[in-house]
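If you scroll down you'll find the structure; I have some questions about it.
The values are calculated or read from the model by the stated rules, or taken from the named source; none is laboratory data. Worth saying up front: this structure is predicted, and the values here are computed from it rather than measured. Here Cβ is always computed from backbone atoms with ideal geometry, including for glycine, and neighbour counts include all displayed protein chains.
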Amino acid sequence: MMNNSIEVKELTKYFGELLAVDHVSFDVEAGEIFGFLGPNGAGKTTTMRMLTNLTRPSEGSASILGMDTVRDSLAIKAVVGIVPEASNVFFELTTMANLTFTGALYGLRRKKRAARADELIALFGLDEYRDKKSVELSLGFRRRLTIAMSLMHGPRVVFLDEPTSGLDVESSRLIRGIIQDLHKDGVTVFITTHNMEEANQLCHRIAVINASRLIAIDTPERLKQAATKSQSVEVSFDRMLESGEEAGLSGLPCVIEMRSLGDKYHLVTSDPPCVLAAIPSFMSERGLKPVSINTFGPSLEDVFVQLTATDKEAS
Amino acid sequence: MSEATSAARKPVAWDGLRKAWAISSKDMKIYYFQPAVLMFGLMFPVAIFFAFMMGRDIEAVTLFPGLIALTLFFSTTTVAPFSVPWEKMNRTFERLLFAPVSMFDAVLGKVMSAFIFGFVICLFPLAIGLIFFGSTIGDWAALILAIVLGNLCMATMGMLISTVKADTPPKVMMVLNFVRLPLMFISGIFVPIQTLPLYGRILAWFSPVSYVVDLLRSGLGFPNYWDMWVCVLMLIAFTVVMFVASVLRMKAWNR
């Protein structure tokens with residue numbers, strides 16, 4: 001039994017002199033939701049385009065479900081769904097016509113196309129727009145339609161480029177729910193995103209790419225453990241602190257950095273219990289009462305910032 | 001029997017043809033009634049024709065092979081140079097690349113939609129000539145070959161032009177007219193090839209439109225310049241070369 005849906009070996013892409021992706025290697029297990037994170041221009045989309053053979057690699061190779069992405073391109077496209085960053089629906093066609101046309105490109109029979117299109121229209125909440133031209137759809141509904149089109153043929157691997165970027169909460173939640181349903185159905189999902197929270201909520205493993213190179217790959221929680229210096233204590237008092245008091249707070253033992261966030265103070269630390277032990281005496285000396293005190297582990301965003309900063313320093 | 005098993009038992013060419021037809025049908029729905037297509041494909045040749053005819057002492061019936069050729073030439077070559085950059089601009093052309101559609105089938109689909117458009121449009125001046133201006137059919141075979149092979153060749157020419165490095169329809173239309181306008185004058189549309197000066201007669205060999213006009217002249221009972229088989233072979237050769245060049249250029253995008 002094959003364990004990996006996607007295998008990438010030393011994948012490299014040059015655009016002229018520019019090195020867009022630099023010898024990237026990783027595997028994605030069957031049925032996994034795999035996140036591909038990186039800042040703009042890091043090489044996320046180029047990597048995805050190489051995996052789907054929309055761009056030829058300059059060096060290295062990749063396989064999907066055991067098939068070579070270049071040699072077996074058409075066979076791979078028959079079992080893969082692709083959602084690009086831009087919602088590229090045909091504005092002049094109705095929602096239904098966009099779906100059935102996509103079905104026809106995958107060789108689905110007329111009856112099956114219509115049935116599958118109706119199924120996806122219901123799943124994505126597009127019933128109201130079934131016979132409306134796509135130009136009339138809002139950004140969120142166009143995005144839903146784009147994703148629905150990629151699922152017309154029941155793919156075994158789905159590539160999503162920034163699936164919820166710029167969407168309203170309702171559309172984002174619906175799309176995340178559908179991604180989780182795909183995982184339950186055994187579909188492998190490859191997501192490129194720079195939305196840390198989305199990656200944290202959805203992905204089983206995350207690869208971080210920066211300046212064309214893969215700099216980390218692990219589960220979200222293990223990646224967070226690598227950023228222990230980015231834990232924090234957030235405290236809010238019954239009144240705002242004066243400047244001298246703020247200096248006192250930032251000078252508490254174990255506080256690395258203090259940031260004022262609205263009516264709260266965010267104390268970055270590698271040892272939250274140490275900071276918590278110091279706060280009561282700080283308050284009693286100044287006659288302060290606590291409104292709230294919370295501790296936070298490192299966020300994926302902290303991990304990302306730390307990793308990319310370390311990589312920048314190293315290079 | 002599952003869809004996949006059933007598809008596997010079907011010949012690959014048939015599967016490709018079905019996908020190409022899906023692309024054509026979609027193009028027909030979207031592009032046939034676009035103002036730019038109607039203007040450059042229909043109004044433009046009619047306007048040029050009347051600009052040439054008005055005020056000149058020429059029997060209208062003698063100009064019909066030229067009018068039909070001009071309509072066929074302009075209408076058929078307009079569809080792909082509008083639709084391909086339009087889809088590149090809106091990134092909808094990528095939809096074809098995402099799917100298991102070979103570049104051959106994608107190009108075939110685009111060519112088929114242009115062929116059908118030109119085929120239908122060029123029947124109008126033919127019918128007008130036959131009904132109102134006393135045109136007669138001198139050679140059915142030549143006429144049918146002119147319409148079928150001529151449309152196919154012009155559709156492929158439009159497809160090839162649409163592969164130029166330009167990302168918007170107006171830029172491609174500019175290149176299209178840069179090619180079309182000179183061809184109009186060396187192809188015997190307004191003046192029969194046999195009456196062109198020597199350099200015109202030499203240049204006429206290099207224009208596929210010349211062979212369409214010559215076949216149409218035979219078809220409508222006027223003296224022709226080349227034998228029918230020369231025109232047929234040249235149109236087939238131009239079609240094959242331009243089709244292959246279109247597929248190769250489209251594949252190059254992928255690299």
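For the range B:9-48, what are the residues that are surrounded by fewer than 21 Cβ atoms within 10 Å (Cβ to Cβ) and among the aromatic types (Phe, Trp, Tyr)?
B:Trp14, B:Trp21, B:Tyr32, B:Phe33, B:Phe44
What is the one condition in (1) surrounded by fewer than 23 Cβ atoms within 10 Å (Cβ to Cβ); (2) among the basic types (Lys, Arg); (3) touching a Pro at 6+ places or on another chain (Cβ under 8 Å) that A:Lys133 does not satisfy?
Every listed condition holds for A:Lys133 apart from (3).
Please tell me if B:Arg91 is more than 22 Å from B:Leu152 (Cα to Cα), in a loop (DSSP other than H, G, I, E, B) and at pLDDT 80 or above.
So B:Arg91 fits the description; yes.
State yes or no: is A:Ala20 within 12 Å of another protein chain (Cβ to nearest Cβ) and not in a loop (DSSP other than H, G, I, E, B)?
Considered against the rule, which asks whether it is within 12 Å of another protein chain (Cβ to nearest Cβ) and not in a loop (DSSP other than H, G, I, E, B), A:Ala20 comes out as no.
Please identify the pairs in which a residue from the range B:199-221 that is touching a residue at least 40 places away in the same chain (Cβ under 8 Å) has its Cβ atom under 7 Å from the Cβ atom of a residue that is acidic (Asp, Glu) and surrounded by 24 or more Cβ atoms within 10 Å (Cβ to Cβ), counting only partners at least 6 apart or on another chain.
Matching pairs, first to second residue: none at all.
Any residue in the range B:87-95 that is more than 21 Å from B:Ser187 (Cβ to Cβ), in contact (Cβ under 8 Å) with a residue 60 or more places away in the chain and within 14 Å of chain A (Cβ to nearest Cβ)?
yes
Just a yes or no: is a residue in the range B:144-151 within 30 Å of B:Ala60 (Cβ to Cβ), in contact (Cβ under 8 Å) with a residue 60 or more places away in the chain and touching a Pro at 6+ places or on another chain (Cβ under 9 Å)?
Yes - at least one qualifying residue is present in the range B:144-151.
What is the residue count in the range A:25-80 for residues that are crowded, with 18+ Cβ neighbours inside 10 Å and assigned to a helix (DSSP H, G or I)?
Counting residues in the range A:25-80 that are crowded, with 18+ Cβ neighbours inside 10 Å and assigned to a helix (DSSP H, G or I) gives 11.
Could you please let me know if B:Ile116 is more than 14 Å from every other protein chain (Cβ to nearest Cβ), within 19 Å of the chain's Cα centre (by Cα) and more than 14 Å from B:Lys26 (Cα to Cα)?
So B:Ile116 fails the test.
Condition check ((1) within 9 Å of the chain's Cα centre (by Cα); (2) under 22 Å from A:Gly66 (Cα atoms)) across all residues:
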{"site": "A:Ile179", "(1), (2)": "no, no"}
{"site": "A:Ile191", "(1), (2)": "yes, yes"}
{"site": "A:Met196", "(1), (2)": "yes, no"}
{"site": "A:Ile215", "(1), (2)": "no, no"}
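Can you tell me how many residues within the range B:26-43 are more than 8 Å from chain A (Cβ to nearest Cβ), modelled with pLDDT of 80 or more and assigned to a helix (DSSP H, G or I)? So that I can check it myself, show each step before the final result.
Initial filter on the range B:26-43 (more than 8 Å from chain A (Cβ to nearest Cβ)): B:27-28, B:31-43.
Filter once more, keeping what is modelled with pLDDT of 80 or more: B:27-28, B:31-39, B:43.
The next check asks that each one be assigned to a helix (DSSP H, G or I); those that pass are B:27-28, B:31, B:35-39, B:43.
So the count comes out to 9.
Which residue, of A:Thr102, A:Thr146, is facing chain B (nearest Cβ under 9 Å) and among the β-branched types (Val, Ile, Thr)?
None of the other options fit; the residue is A:Thr102.
Please verify whether B:Phe119 is of a type in the set (A, V, I, L, M, F, W, C) and closer than 12 Å to B:Ser75 by Cα, treating the condition exactly as stated.
yes
Do any helices (runs of 4 or more DSSP H) lying entirely in the range A:221-315 carry at least 2 residues that are closer than 19 Å to A:Glu197 by Cα, and which ones are they?
Answer list for the range A:221-315: A:300-314.
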